[in-house]
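Remarks on the structure that follows.
The values are calculated or read from the model by the stated rules, or taken from the named source; none is laboratory data. Because the structure is predicted, anything quoted here is derived from the model rather than measured. Every residue, glycine as well, gets a Cβ built from its backbone with ideal geometry; the counts of neighbours run over all protein chains shown.
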Amino acid sequence: MHYIFYLWMDQFYVSQAPADHKSPIVVTHEGVTVDVNDAAIQAQLELGMKVSAAKSICPKAAFFEMSQLKLETTWWDGVIEYVDGLEPLAPHAAMADFSGHASPFEFAESLCARYPRLCIGIGPNRWMAESALPPRGWREISTQVPLFLATCPISRFSVATIGEKERLYWLGYETVGELQSVGLAQLTKQFDRRGLELHRAARGFGDAKVSASYPPDSVSARQFFSGGLSDRQILENGLVKLSAELGQLLREKDAQAKWVDVIFELDQSPPFTVGRNFSKHLHSPGGLLSGLALMTRELPDGEIVGIRVRLREMHKSSRVQQSLHSINAKTERNSSVVHALSLVKSTFGENVILLGSEIEEPRRKRVLRAWKDATGWA
């Protein structure tokens with residue numbers, strides 16, 4: 001089941017304003033109020049008001065144009081401690097896919113406790129997650145889709161544009177549930193090509209893909225341990241899988257990285273993060289496995305239910321130095337090369353191709369080397 005998170009930081013813009021937050025603060029954009037704090041709400045100011053009207057109602061309020069604010073999206077960094085990546089929609093809003101998490105609702109609870117003004121809607125696809133957004137806290141509808149669709153007002157049917165919502169309302173449809181009774185042919189006649197998308201969305205279908213672009217220049221992978229991490233062997237097996245997956249992602253991007261974050265997901269505690277900046281670039285599964293082994297020698301207290309690894313600050317591979325390798329790692333021959341050599345030898349003879357280790361050195365060179373080792377003479 002998909003668990004798409006729609007994250008909305010309430011009163012984000014007024015929180016960035018350099019003013020006394022106990023007094024009314026208003027953020028404007030293109031002559032309209034776009035954000036107000038609690039003090040401004042108590043002064044009867046609302047979102048969407050014209051600036052001239054807002055100033056006449058509360059002339060003592062501090063007004064700031066959005067373009068003049070220095071916006072800091074540090075709350076994104078707090079969220080990615082719980083998920084692989086975010087799709088930023090605006091400085092105050094983002095999408096995230098928590099489908100792979102063992103306990104997505106516990107993460108929602110933790111995020112809301114950490115950021116009291118964060119609102120989270122959770123749904124099986126993007127539009128339902130956005131429509132499920134509550135005024136405070138978090139709300140989950142992934143497990144109650146039929147009930148949600150039956151009662152969701154058309155005004156929150158985010159798949160439809162503003163004009164389409166008005167048209168649906170004037171056609172007599174007040175909820176998405178009422179729209180389910182309309183056939184595809186009728187919706188196509190009324191809304192042309194958009195009819196099919198509205199028809200599917202009214203039945204709970206929709207796009208569930210989240211294009212994670214934050215943090216930039218990074219890749220990540222996750223490994224869960226059903227029943228917890230009981231012994232070291234389970235951890236090592238998980239690190240092998242993580243290294244192989246991350247190595248494949250690096251090859252696809254033709255990239256390498258030095259900075260590695262290992263996030264331990266704990267059963268009863270917030271995630272515990274360990275970061276390390278390696279002196280040599282990591283770009284192969286062998287190097288990644290060696291690095292992860294170094295970073296997981298000491299484990300945090302508590303039951304570990306999963307591990308996430310994030311490689312960040314990536315850049316294109318330069319191929320000027322070798323990757324970090326374990327001192328105990330053994331070089332494995334490429335099976336396809338060995339197979340090709342065996343075919344050639346079977347056709348043309350055993351001695352037609354020799355490995356470097358199979359070439360016999362002349363006796364003269366062996367004697368000279370032994371003489372040098374024994375006497376120190378060149």
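Miscellaneous remarks
- Within region 73-97, restricting attention to residues that are among the hydroxyl-bearing types (Ser, Thr, Tyr) and not in a helix (DSSP H, G or I), the residue that is nearest to the chain's Cα centre (by Cα) is TYR82.
- Some residue of region 242-258 being closer than 14 Å to LEU299 by Cβ and in contact (Cβ under 8 Å) with a residue 60 or more places away in the chain: no
- Flag if SER110 is part of a helix (DSSP H, G or I) and of a type in the set (Ser, Thr, Tyr): yes
- Helices (runs of 4 or more DSSP H) fully within region 1-72 counting 3 or more residues that are among the aliphatic types (A, V, I, L, M) and within 19 Å of ARG117 (Cβ to Cβ): 38-42
- The set of residues in region 125-138 that are surrounded by 19 or more Cβ atoms within 10 Å (Cβ to Cβ) and either of a type outside the set (S, T, N, Q) or without any contact (Cβ under 8 Å) to a residue 40 or more places away in the chain (or both) comprises ARG126, TRP127, MET128, ALA129, GLU130, SER131, ALA132, LEU133, TRP138.
- Qualifying residue in region 113-124 (condition: buried (at least 16 other Cβ atoms within 10 Å of the Cβ), at pLDDT 90 or above and assigned to a helix (DSSP H, G or I)): no
- Pairs are defined by a Cβ separation below 7 Å, a sequence spacing of at least 6 or placement on different chains, a first member in region 154-168 that is free of Cβ contacts under 8 Å to residues at least 40 places away in the same chain, and a second member that is among the β-branched types (Val, Ile, Thr); the pairs so defined are ILE154/THR175; ILE154/VAL176; LYS165/ILE154; LEU168/ILE154.
- For region 242-273, a residue qualifies if it is under 21 Å from TYR82 (Cβ atoms) and over 19 Å from the mean Cα position of the chain (by Cα), and the qualifying residues are ASP267, GLN268, SER269.
- When region 274-287 is limited to residues that are more than 18 Å from the chain's Cα centre (by Cα) and of a type in the set (Gly, Ala, Ser), the one that is farthest from SER220 (Cα to Cα) turns out to be SER279.
- Residue within region 341-358 that is modelled with pLDDT of 70 or more, of a type in the set (Ser, Thr, Tyr) and surrounded by 10 or more Cβ atoms within 10 Å (Cβ to Cβ) present: yes
- The lone exception for VAL274 - which of (1) closer than 26 Å to LYS316 by Cβ; (2) out of contact with any Asp or Glu (no Cβ under 7 Å at 6 or more places or on another chain); (3) of a type in the set (A, V, I, L, M) it fails: (1)
- Inspection of region 15-37 identifies no residue that is of a type in the set (Val, Ile, Thr), within 30 Å of GLY123 (Cβ to Cβ) and out of contact with any helix residue (DSSP H, G or I) (no Cβ under 8 Å at 6 or more places or on another chain).
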